[in-house]
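Please read the structure below before turning to the comments.
Laboratory data are not the source of any read-out in this text; all were calculated from the coordinates shown. Keep in mind it's a predicted model, so treat the numbers as computed, not measured. A quick note on method: Cβ atoms are made from the backbone with ideal geometry, for glycine too, and the neighbour counts reach across all protein chains shown.
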Amino acid sequence: MPVVKDFFIALSNNKFMNESAKRMGPALGAKKVVAGVDIDSTIDTVEKLNERGISCTLDNLGEFVTSRHEALEAQQNIVEIMRRCYNANIQAHVSIKLTQLGINIDKDFTYQNTREILLKAQEFDNSFVNIDAEKFEDLVGITEILDKLKNEFNNVGTVIQAYLHDAMNIMDKYQDLRLRLVKGAYKEGPHIAYQTKEEIDRNYIKLIEHRLLTANAFTSIATHDHNIINHVKQFVKNHNIDKNSFEFQMLYGFRTDYAYELADEGYNFTMYVPFGEDWFGYFMRRLAERPQNINLMLLDIFSA
Ligand code: FDA
C-alpha cells in the first residue's frame, strides 16, 4: 500500500506535527511502542526485559535537531542514560542517530559530539554504541563520521539497510564491526533502493547469509518477519553457525510474545527500546511499515 506508506512517512517528516505531539505527550497507541518519557520508566522496562533473558538497546528519541544546543542536550541525555544503565548493572547499550547529534548543522561538531559519547561509553565498561542508519541523504555524512570513529574505537557499530542496492558493498566495508541488519525504514527512490517487498526480502536474506558465513564480528538480525527468522534458524543449523555469533532484535511493543519465545529457545535477543518525548516521527514510521499497527492506536482509544 504505497499511498498509505507515503502518507505516514510524510507525517513523520512534518515538523509542526512532531512539535505538537511532543507537547501532548505519548498518545494514541504510541505508549505501547515507546517505553516512557523519562529515564526511570525506561530503566524499569529494561529490568523487566532483562529478567526474561532479553538485553536492550536504548534510543533517546529526537527529531528535527536544528541547533547546537539541542544536539549537545541530546548528547548529554545519551551519556546520562548510559551512566544510569551502568550504575543499575543492567544489560543495555545505546542506539544513536547522528541527525540528533547535529549532522545537519555541522559534520565536525557531530563527530566531536559522537566521540564524546564513545569516550564515556568506554568508561562504562566499554559499552557498545550503535549508530543507526537514517535517510539516504544523511548516510554520506554518517558514513564519513563512522569511518573516522571506527579507527579510534572498538565499541562502535552500525546498521545495514537491505533495501539499498549497494548494501552488500557497505556491509563488506564494515565487516569488522558489529552490525545490525534491517530491511530499511525510509522512503528512497528506485535509483537508490529496491522498491518491492520481494526484492527487499531477497536482498535481506542474501546479506544475512553472507554476513553469517563471513563475519568477523557480532551480527544483529533485526526483523519481526517470521519467514526471515525461520529461514535464519534453519540456515545457522545447516551451516553449524555458533548461536553466540548473532542475535535477533525487535522493536519494543511489537510481537513481544514472539521475542520471549526466541529468547526461551536460547537465541540471543535484544529489544530496541525507544524513550523520550519525541515519539511522533518514530511512531509514524512504524505505521508506514505496517499500517496494521493502527490497531495499536485503536486499542488505546477504546481502552481509554
Ligand atoms: P516487515 O514489516 O517487512 O514485515 C514482514 C512480515 O512480518 C509481515 O508481512 C507480517 O507477516 C510479519 N510482521 C511484521 N510485523 C509484525 C507485527 N507487529 N505483528 C505481527 N506480524 C508482523 N530501519 C532503518 O532504516 N534504520 C535503523 O537503524 C533501523 N533500526 C531497527 C532496529 C530494530 C531492532 C528493528 C526491528 C528495525 C529497525 N529498523 C531500522 C526498521 C527496519 O528497517 C524495518 O523497517 C522494520 O523492521 C519493518 O520490517 P520487518 O523486517 O520487521 O518486517
Taking the alpha-carbon distance from LYS32 and a cut-off under 29 Å, which lysines remain once sequence neighbours fewer than 8 residues away in the same chain are dropped? LYS5, LYS15, LYS22, LYS48, LYS97, LYS135, LYS183, LYS187, LYS197, LYS233
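May I ask for the net charge around ASN113, where only other residues with Cβ less than 12 Å from the Cβ of ASN113 are counted and Lys, Arg are +1 while Asp, Glu are -1?
Around ASN113, the surrounding residues sum to 0.
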How big is the charge dipole of region 31-139 about its Cα centre, in debye rounded to the nearest 20, if each Lys and Arg gets +1 on its Cβ and each Asp and Glu gets -1 on its Cβ? 200
Using only the alpha-carbon atoms of region 140-295 as identical scatterers, what base-10 log of I(q)/I(0) does the Debye formula give at q = 0.12, 0.17, 0.21 Å⁻¹? -0.55, -1.15, -1.60
Summing Lys, Arg as +1 and Asp, Glu as -1, what charge do residues with Cβ under 10 Å from the Cβ of ARG255 carry, ARG255 excluded? -3
Taking only C-alpha pairs under 8 Å that are 6+ residues apart, what is the relative contact order of the chain in percent? 29
Just to check I understand the Karplus step: with θ = phi - 60° and J = 6.51 cos²θ - 1.76 cosθ + 1.60, what whole-Hz values come out for region 154-162, glycine and proline as x? 9, 10, 10, x, 8, 10, 10, 9, 5
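Between ASP106 and PHE64, 0.36 nm times their residue separation minus their Cα-Cα distance comes to what?
Using 0.36 nm per residue and subtracting the Cα-Cα distance, I get 13.7 nm.
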From the phi of every residue in region 185-202, what ³J(HN,Hα) in whole Hz does the Karplus formula 6.51 cos²θ - 1.76 cosθ + 1.60 yield, where θ is phi - 60° and glycine or proline is x? 10, 9, 9, 10, x, x, 6, 10, 9, 4, 10, 9, 4, 4, 5, 5, 4, 4
Could you pull out every one of the aspartates and glutamates with an alpha carbon less than 12 Å from that of LYS243, ignoring same-chain neighbours closer than 8 positions? GLU265
Would you mind classifying the chain by shape? Square roots of the alpha carbon gyration tensor eigenvalues, ordered a ≥ b ≥ c; an a/c under 1.5 is rounded, otherwise it is prolate if a/b is larger than b/c and oblate if not. rounded
Average Cα contact separation per residue, region 45-184, under 8 Å, 6 or more apart, as relative contact order %: 19
Simple Cβ-charge dipole of the chain, Lys/Arg +1 and Asp/Glu -1, about Cα centre, in debye nearest 20: 440
